[in-house]
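Comments concern the structure below.
The values are calculated or read from the model by the stated rules, or taken from the named source; none is laboratory data. Here the structure is a predicted model, which means the values were calculated and not measured. Cβ placement follows ideal geometry from the backbone for every residue including glycine, while neighbour counts extend to all protein chains displayed.
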Amino acid sequence: MPRSLDDVDYAFVNGNFALASGLKLTSALALEKIPDYYMNLVAMKTADLNKPFVKDIRDAYQSAEFKTVAQQRFAGFVPPAYQE
């Protein structure tokens, strides 16, 4: 879809395609507000919930460092509720 932008007046482009093609989300005319239930999830087997690697992944995903990197690298994205 990003390749068609030169041929149209406006277009709807999914964020992942926009970012992959070098477009900046902050240059969009508008961004869709995405409900939390459409956000990406990290899922684990119930049997693994108490294993150290699960705690490590959870801690990393919810860390301030991850939030900072996501905001810098994907400027303009709609963050999940826990990052607001």
field: Number of the condition not met by N50 [criteria: (1) surrounded by fewer than 10 Cβ atoms within 10 Å (Cβ to Cβ); (2) at pLDDT 90 or above; (3) assigned to a helix (DSSP H, G or I)]
entry: (3)
- request: Name the single residue, out of those in the range 25-45 being more than 21 Å from E84 (Cβ to Cβ) and assigned to a loop (DSSP other than H, G, I, E, B), that is modelled with the highest pLDDT.
  value: K45
task: Filter the range 53-84 down to the residues that are of a type in the set (G, A, S) and surrounded by 10 or more Cβ atoms within 10 Å (Cβ to Cβ), then identify the one that is farthest from T26 (Cα to Cα).
output: A60
statement: Every listed condition ((1) surrounded by 10 or more Cβ atoms within 10 Å (Cβ to Cβ); (2) touching a residue at least 24 places away in the same chain (Cβ under 8 Å)) holds for K33 save (1)
